[in-house]
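The values are calculated or read from the model by the stated rules, or taken from the named source; none is laboratory data. As the structure is a prediction and not an experimental result, all values here were calculated from the model. Ideal geometry is used to build each Cβ from the backbone, glycine not excepted, and the neighbour counts take in all protein chains shown.
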Amino acid sequence: MKRRKFLQSLSTVGAASALSPDMVFGRSVPNAQYISLHPFIAANPEAVFIKQTQAVSRIDSAGKHTAGKNLARQLFVTSDNGGMPISTLMAIKPNATCLQGPAIDDRLGIVTDPDFMEGWIRGMLDLGLQGEQIYMREGNLLRDAYCPDNQARTWYDRIAADTGSHLVDFDSGRDMTARGVARENLTEGTEVIWRDLPDGVVFRRIGFLAPLNADNAYNINISKFKAHGMGMTLCAKNWQGTNIAPHLHYCMSVPRQFDRGLPAGHINPSYRSDVFTLFRQHLEAGVPRWDRPGDLDTWNSGPGMEMWSQKTLDNLAASNPGLHVIEGVYGRDGNWMDGPWVNGQLDVNIASGRGNARDFMTNVVIFGLNPLKVDMVGFWLSGHEPGNVGLFHSGRDRGLTDRINPHSVPTYLWNDDGPELVALSSLERTPILTYSMQRDYDGQTEPRWHLMNEPYEYADDPITAVTSTEGARPEAKVLGQNYPNPFNPATTIQFSLPQATDVRLEIYNNAGQLVEVLTDGHRAAGTHAVSWDAGRRASGTYFYRLVTPGFQETRKMVLVR
């Protein structure tokens, strides 16, 4: 299989931004009272963003650390005029599952990169947060008889020690990540956060590792860009590790979860018939690969994947909103250490356990507020067609996404000089092979290691987000107020276009003199943002004007030194 560079650089970063990314995005206010997500992301909850990173290899610790640190500093804003209290707990869920074996490079791609993760926490500390309010939680982060030599635990213990953040530090001293019985006598708020789901398809009650989903916490889900048994294990899959054991064992049948101590009252009494009804509906609707033989308790079959999908969607439905991230500084194919590579040669038909997985420098971080839409873009960028993934069909049925077509999701490159709306088809893809839902039945001979990339007709999805209608005249435009305002030294200006058109965005001083042109050219339909770094310009009132054929609008902003 031919490998291609994942992303080409689509914009040139200005000199000031290249020297210091937070010159443009940074909003840090000393001794601020509030923290919030970047306003452009908050205002576009249906969008997905892609940040290109610059690490030169999987073991480029400095490059990975810098990528995490700069991005965290760009995505959060501190201020004195609104948002979450600066004391809000940051509850982070990395992919840091049990990782047996010594600290060797070929195991890195199994977990969220520890250097990136430490950099992310350092970025949050730079914004004024304290280590004691940052919590990393992972339901599979064990060190017991099941996983006695957990390298991931060693890496993440180091992060916690170096940054002052929490890994497992409950007041009672009990390690809630241990395998065993889900206990109702756990301390609410410090050990477990209980959530009831009266309409859950499988779960009716789920326990989350505190402070995940606490009222005084903000959830941050940082998954890994890697293949697994459901195609790719991205945000939706990673979030199941927020649960206490044995809720978190979604790949197990419910009877096995009962054997491990899951209380019967935590499960929908009619879960089997309800899940099977949904499976039959999806099978009859033609969900691809849902005809793979098996039953509800059979992993990697149509009915079994319907069961996994409904557990996963129950978990998302029970959770508070937050930021969902796919760390893809490098991506991994195969399944953990197993994969299609033998002595550097690709063998897509090699049996399980005979080959090796492999990491590829993809240098990308994907993020947004809707985990299913973030995952759709992640699947597409990894060479898969999301319409072939049953999870997304089930998620649309349950109202957790209004679409499954990744091309209809507004997608932005998160450049250092502002988010840039792009057509997803303009980005190159890195094929990440999986063993999921192999078509090896009814006379089909799909290789064990494959892409779920057969064409899919997205007939029911909304109109594509990025269009290229040449010559069309917009009927209306929206020029938003810059943020922050007042500002020093940088601010972001947002505008929306119903159709593609020529756009010019100008900056004038209080004397009416043109001081800068921020953009001048053809722009696609959709919402755009442009940042202005006022540099050494004097304090005072400035005006920005949006000009398109037949339309112009002007707004005021204030630079305060």
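Numerical summary
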{"item": "Any chance Leu514 is among the hydrophobic types (A, V, I, L, M, F, W, C) and without any contact (Cβ under 8 Å) to a residue 12 or more places away in the chain", "result": "yes"}
{"item": "Complete set of residues in segment 531-558 that are surrounded by 19 or more Cβ atoms within 10 Å (Cβ to Cβ), within 35 Å of the chain's Cα centre (by Cα) and under 16 Å from Leu514 (Cβ atoms)", "result": "Trp532, Ala534, Tyr544, Leu546, Met557"}
{"item": "All positions within segment 151-202 that are assigned to a strand (DSSP E or B) and modelled with pLDDT under 85", "result": "Glu188"}
{"item": "Within segment 509-519, considering residues that are surrounded by 10 or more Cβ atoms within 10 Å (Cβ to Cβ) and over 32 Å from the mean Cα position of the chain (by Cα), the one modelled with the lowest pLDDT", "result": "Asn510"}
{"item": "Any hit, segment 271-290, residues being assigned to a loop (DSSP other than H, G, I, E, B) and more than 29 Å from the chain's Cα centre (by Cα)", "result": "no"}
{"item": "Criterion: part of a loop (DSSP other than H, G, I, E, B) and either aromatic (Phe, Trp, Tyr) or surrounded by 16 or more Cβ atoms within 10 Å (Cβ to Cβ) (or both) - qualifying residue of Ala55, Ala67", "result": "Ala55"}
{"item": "Among residues of segment 320-338, those that are touching a Pro at 6+ places or on another chain (Cβ under 9 Å) and either without any contact (Cβ under 8 Å) to a residue 12 or more places away in the chain or surrounded by fewer than 21 Cβ atoms within 10 Å (Cβ to Cβ) (or both), counted", "result": "1"}
{"item": "Some residue of segment 452-460 being exposed (fewer than 15 other Cβ atoms within 10 Å of the Cβ), modelled with pLDDT under 90 and touching a strand residue (DSSP E or B) at 6+ places or on another chain (Cβ under 9 Å)", "result": "no"}
{"item": "Looking only at segment 186-236, and only at residues there that are among the basic types (Lys, Arg) and surrounded by 24 or more Cβ atoms within 10 Å (Cβ to Cβ), the one that is nearest to Ser319 (Cα to Cα)", "result": "Lys224"}
{"item": "Residue list for segment 237-251, restricted to those being buried (at least 24 other Cβ atoms within 10 Å of the Cβ) and among the small types (Gly, Ala, Ser)", "result": "Gly241"}
{"item": "Unique residue being at pLDDT 85 or above, of a type outside the set (Lys, Arg) and out of contact with any Leu (no Cβ under 6 Å at 6 or more places or on another chain) when the list is Thr464, Thr527, Thr491", "result": "Thr491"}
{"item": "Cβ-Cβ under 7 Å pairs, at least 6 apart or on other chains, segment 118-132 side under 12 Å from Thr78 (Cα atoms), far side assigned to a helix (DSSP H, G or I)", "result": "Met124/Ala72; Leu125/Gly131; Leu125/Thr163; Asp126/Arg73; Leu127/Arg73"}
{"item": "Residues of segment 225-239 satisfying the condition of being modelled with pLDDT of 95 or more and either in a loop (DSSP other than H, G, I, E, B) or hydroxyl-bearing (Ser, Thr, Tyr) (or both)", "result": "Leu234"}
{"item": "Check on Val77, among the β-branched types (Val, Ile, Thr) and not in a loop (DSSP other than H, G, I, E, B)", "result": "yes"}
{"item": "Strands (runs of 3 or more DSSP E) contained entirely in segment 339-430, each with at least 1 residues that are free of Cβ contacts under 8 Å to residues at least 60 places away in the same chain", "result": "none"}
